[in-house]
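> Just dropping this structure here.
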Amino acid sequence: MRTAQTSKPSQALPHDQSRVLLVGAGPGDPELLTLKAVRALEAADVILYDELVDRAVLKHARREALLTHVGKRGGQPSWKQPDIHNLILSHAAHAKTIVRLKGGDPLVFGRGGEEIAMLRSAGIQVEIIPGITAAVAVAASTQIPLTHRDYSRTVTFLSGAGPGHGLPDFTHIDLEALNDGQHTLAVYMAVKTAGALGLTLLQAGWPASTPVLAVENASQPNERRIRATVTELAKKPTALALEGPTVLLVGRVAGLPVQGSLDIIETTIERVQTHNRELAYA
């Protein structure tokens, strides 16, 4: 991977001669990058990339491009959004084409809207190149449809993380109204707050047996899938044992047959309990 320190030419460019592209890198599999995204990377003078961008994607950058990691990670030292804004503006004064490379899609929990507003206010041209968002990658990998004529007429993308990666606040959404057996929740960033999500859904009247499918690192070689219920999510969230980027699908579609390997929380717990009983009587 090629990286370099910021190097500024002495002559600044007028803003109308520079442009910024917000590019979606997709869910992780480099082959899911769009052709338009590849062309943007090949043309970029500067690429500012997020933590969840697979480094293989950066191979499409030209040799002279400046690559800078500006990723955020919960609970660890990370770039602040205002600092990223300032860095983009700094490069826009000296580089013709800047790619802001984001995991998934720039406009789905990617803070792309904030960067668009900032660039417009500065008079800088901005273009959006969409990417495959994680929930769609989960659906493709597991062959679980987000919508289905018989099981789900609607789908809601929901963040499982609150401000500063704290507990989520679901007061903005009427979960009771969505409890009609014909809806799917696709919950991003919910590993650490899975228990709170399960409790909130139970309090909203969702059936205790509602299926939950948790998929970690969708589209990547180390992808894992775990099936549970809303009750198990509320009572035993640590049983998911997931640490990487994870999407939770909640609803009837999450109980449909899955393509590929699948772990089941209840089965795993029962197996351990049986093993322990056998040891006790040995």
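Just so you know, all these numbers are worked out from the coordinates, no wet-lab data involved. What you are looking at is a predicted structure, and each value in this text was computed from that prediction instead of being measured. Don't worry about glycine lacking a Cβ; one is built from the backbone with ideal geometry, like all the others, and counts go over all protein chains shown.
> When the convex hull of the Cα atoms of segment 15-132 is projected onto a plane and the area is averaged over all directions, what value comes out in nm²?
On the way: hull surface 26.5 nm².
About 6.6 nm², averaged over all directions.
> Moving on to the next point. Among DSSP beta bridges whose residues both lie in segment 15-132, state the antiparallel percentage, nearest 5. Spell out each step's value before the answer.
Values: 1 of 20 bridges.
So the antiparallel bridges amount to about 5 percent of the total.
> How would you rank 216-223, 244-251, highest first, on the average number of other Cβ atoms within 10 Å across their residues? Write down the numbers at each step before the final one.
On the way: 216-223: 17.6, 244-251: 24.8.
In descending order of packing, they fall as 244-251, 216-223.
> Which value in Å does the Kirkwood hydrodynamic radius of segment 135-267 take, with 1/r averaged over all unlike C-alpha pairs and then inverted?
Values: mean 1/r = 0.0692 Å⁻¹.
Kirkwood radius, segment 135-267: 14.4 Å.
> If amide H atoms are built 1.01 Å from N in the plane of the peptide, which residues on other chains or at least 5 residues away come under 5 Å of the amide H of ILE129?
So ILE129 has HN proximity to LEU22, VAL23, GLY24.
> FRET efficiency for GLU114 and ALA56, Cβ-Cβ distance as r, R0 = 22 Å, nearest 0.05?
Working: r = 28 Å, r/R0 = 1.25.
With a Förster radius of 22 Å, E is 0.20.
> Among the aspartates and glutamates, which fall within straight-line cross-link reach of LYS96, defined as a Cα-Cα distance under 15 Å, with same-chain neighbours fewer than 8 residues apart omitted?
Within the straight-line limit of under 15 Å, LYS96 reaches these aspartates and glutamates: ASP16, GLU42, ASP45, GLU64, GLU127.
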